[in-house]
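Data block below; observations after.
The values are calculated or read from the model by the stated rules, or taken from the named source; none is laboratory data. All of these numbers come straight from a predicted model, not from anything done at the bench. Don't worry about glycine lacking a Cβ; one is built from the backbone with ideal geometry, like all the others, and counts go over all protein chains shown.
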Amino acid sequence: DTEVTQTPKHLVMGMTNKKSLKCEQHMGHRAMYWYKQKAKKPPELMFVYSYEKLSINESVPSRFSPECPNSSLLNLHLHALQPEDSALYLCASSQTGQGEANEKLFFGSGTQLSVL
Amino acid sequence: AQSVSQHNHHVILSEAASLELGCNYSYGGTVNLFWYVQYPGQHLQLLLKYFSGDPLVKGIKGFEAEFIKSKFSFNLRKPSVQWSDTAEYFCAVMSPNTGFQKLVFGTGTRLLVSP
């Protein structure tokens with residue numbers, strides 16, 4: 001299994017809603033990532049978990065709250081989002097995050113989020 | 001801080017034409033370089049990567065890229081494109097010291113191949 005699975009594929013939410021994005025991998029990877037990708041733009045790193053600990057938070061607003069319950073799962077909890085938060089949210093994973101020569105970064109297909 | 005520039009934002013080619021997409025990075029130290037492809041509606045996939053050794057790297061689907069250290073460049077090439085190569089292409093760079101936790105993407109090049 002070389003997949004990163006994200007659910008849901010599409011999500012529409014109001015500015016007062018609370019929702020969660022889910023990401024799962026069963027490759028034994030110990031680094032997991034959340035990226036945000038606006039249309040026609042490159043992915044922007046939001047958070048990195050390394051060995052289930054938050055190692056990087058790229059100054060993301062607190063209305064985005066990541067959670068790593070175990071080494072296979074990564075969640076992104078959403079609350080009080082703004083319309084400008086509408087984007088494709090990508091999850092990725094890699095073996096350790098340290099960038100060794102044989103390490104690869106695997107991306108999920110993303111959750112297309114629309115905030116109304 | 002590292003940065004990546006992709007000069008061609010949109011490229012339109014006919015099938016069988018040759019392709020070269022530019023990528024330049026700014027970082028003074030050792031770098032690892034990547035090209036990713038995103039087909040319409042699909043996830044990002046790794047085309048090829050350079051870590052060390054031969055600066056001419058061959059990837060999947062007939063793509064190759066050449067690392068020219070003196071020019072800080074890592075251009076992507078394919079001798080003959082197909083309609084199925086229509087996609088967005090992202091160059092990316094990271095330092096071995098920070099790994100994927102500090103992977104920086106370029107702005108992307110949207111390739112349209114007409115049949």
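List of remarks:
- Flag for B:SER80 being more than 14 Å from chain A (Cβ to nearest Cβ), in a loop (DSSP other than H, G, I, E, B), more than 9 Å from the chain's Cα centre (by Cα) and at pLDDT 95 or above: yes
- Those residues of region B:53-67 which are more than 13 Å from the chain's Cα centre (by Cα) and on the phi < 0 side of the Ramachandran plot, in sequence order: B:ASP54, B:PRO55
- Listed by first and then second residue, the pairs with beta-carbon distance under 6 Å, at least 6 apart or on different chains, first residue in region A:92-107 and farther than 12 Å from A:VAL48 by Cβ, second β-branched (Val, Ile, Thr), are A:PHE106/A:VAL4.
- Residues satisfying the stated conditions in region B:83-115, i.e. within 7 Å of another protein chain (Cβ to nearest Cβ), over 15 Å from B:LEU46 (Cα atoms) and in a strand (DSSP E or B): none
- Residues that are in a strand (DSSP E or B), touching a residue at least 60 places away in the same chain (Cβ under 8 Å) and small (Gly, Ala, Ser) within region A:1-39 comprise just one, A:ALA31.
- When A:GLY97 is tested against (1) at the interface with chain B (Cβ under 10 Å from one of its Cβ atoms); (2) in contact with a Cys (Cβ under 8 Å, 6 or more places away or on another chain), exactly one condition is not met: (2).
- Residue tally, condition within 7 Å of another protein chain (Cβ to nearest Cβ) and either surrounded by 17 or more Cβ atoms within 10 Å (Cβ to Cβ) or out of contact with any strand residue (DSSP E or B) (no Cβ under 9 Å at 6 or more places or on another chain) (or both), over region A:104-116: 5
- Screening A:PRO42, A:PRO66 for residues that are modelled with pLDDT of 95 or more and either under 24 Å from B:GLN42 (Cα atoms) or not in a strand (DSSP E or B) (or both) leaves exactly one candidate, A:PRO66.
- Candidate set: region A:53-63, residues that are at pLDDT 90 or above and surrounded by fewer than 16 Cβ atoms within 10 Å (Cβ to Cβ); chosen: the one nearest to B:VAL93 (Cα to Cα): A:LEU54
- For the criterion of being touching a residue at least 12 places away in the same chain (Cβ under 8 Å) and not small (Gly, Ala, Ser), B:LEU76 passes.
- Subset of region A:87-103 (residues that are buried (at least 18 other Cβ atoms within 10 Å of the Cβ) and among the small types (Gly, Ala, Ser)): A:ALA87, A:ALA92, A:SER93, A:SER94, A:GLY97, A:GLY99
- Sub-7 Å Cβ pairs linking a first residue in region B:89-115 that is among the basic types (Lys, Arg) to a second residue that is assigned to a loop (DSSP other than H, G, I, E, B), at least 6 apart or interchain, are B:LYS102/B:SER95; B:ARG110/B:HIS9, ordered by first then second residue.
- Counted residues, region A:3-52 - those being within 12 Å of chain B (Cβ to nearest Cβ), farther than 24 Å from B:VAL93 by Cα and basic (Lys, Arg): 1
- Inside region B:62-85, residues that are of a type in the set (Ser, Thr, Tyr) and either surrounded by 17 or more Cβ atoms within 10 Å (Cβ to Cβ) or touching a His at 6+ places or on another chain (Cβ under 6 Å) (or both) make up a count of 1.
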